[in-house]
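Everything below concerns the one structure shown next.
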Amino acid sequence: MRDSALAGAMSLMIVSATLAQAPSSARGPLADPWAGWRFLVGNWVGEGGGSPGEGSGSFSLRFSLDERILVRESHTEYPAVGGKPRVVHEDLMACYPDPVGGRILAIYFDNEGHVIRYTEEPGGPGRVVLVSEVNASSPRFRLTYTRLGPDTVAIAFEIAPSGHPDGFVPYVTGKAIRSNPR
């Protein structure tokens, strides 16, 4: 009798450990972590301006790895103006659900060598807001997408100077139109 109780307890521990390590889809349906982001999925073209000048470009947001991550790739060109050389900006950002906190996290890389870690902040319906970590010795960044219509978004990239983590000022703003309307 004692051996069967021990075997039963061991079986229960093995099953519990297996379920704890099983993919979330095996544990039942969860809320869609991308519900507030789906309006951004697709290919976009846009124009905007700010501190670097007036520019135009494109970006795409697409799911990868069975919708476990959302990948943004962006290409923007600022023409040569007033003695300033032409600038080409490219970046890649991978967004993923925080396994602990439930928010979306992102890591951004660009061809200028920047690496920015973002955390999603509440933005409300039709609005995605990503804010970088607070670091007393470096600027803080905020990237916001606001849905203006089914195939149009406003984009704002803002910077807060070091020492003033909530003192965001616009760096680049623009508008994009989906190039593959739904």
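Odds and ends about this structure:
- The range 150-182: number of residues that are touching a residue at least 60 places away in the same chain (Cβ under 8 Å) and either within 20 Å of Tyr118 (Cα to Cα) or not in a loop (DSSP other than H, G, I, E, B) (or both): 12
- Residue list for the range 102-129, filter: touching a residue at least 12 places away in the same chain (Cβ under 8 Å), under 16 Å from Trp34 (Cα atoms) and not in a strand (DSSP E or B): Gly102, Arg103, Gly123, Pro125, Gly126
- Selection from the range 45-95 of residues that are free of Cβ contacts under 8 Å to residues at least 40 places away in the same chain, surrounded by 16 or more Cβ atoms within 10 Å (Cβ to Cβ) and among the aromatic types (Phe, Trp, Tyr): Tyr78
- Filtered residue count, the range 130-149, keeping only those that are more than 20 Å from Val172 (Cβ to Cβ) and part of a loop (DSSP other than H, G, I, E, B): 5
- Residue count, the range 152-170 (criterion: surrounded by 16 or more Cβ atoms within 10 Å (Cβ to Cβ) and modelled with pLDDT of 95 or more): 9
- Looking only at the range 58-89, and only at residues there that are among the small types (Gly, Ala, Ser) and at pLDDT below 95, the one that is nearest to the chain's Cα centre (by Cα): Ala80
- The residue that is nearest to Trp37 (Cα to Cα), among those in the range 90-101 that are modelled with pLDDT under 95 and of a type outside the set (A, V, I, L, M, F, W, C), is Asp98.
The values are calculated or read from the model by the stated rules, or taken from the named source; none is laboratory data. None of the values given here were measured: they were computed from a predicted structure. Ideal geometry is used to build each Cβ from the backbone, glycine not excepted, and the neighbour counts take in all protein chains shown.
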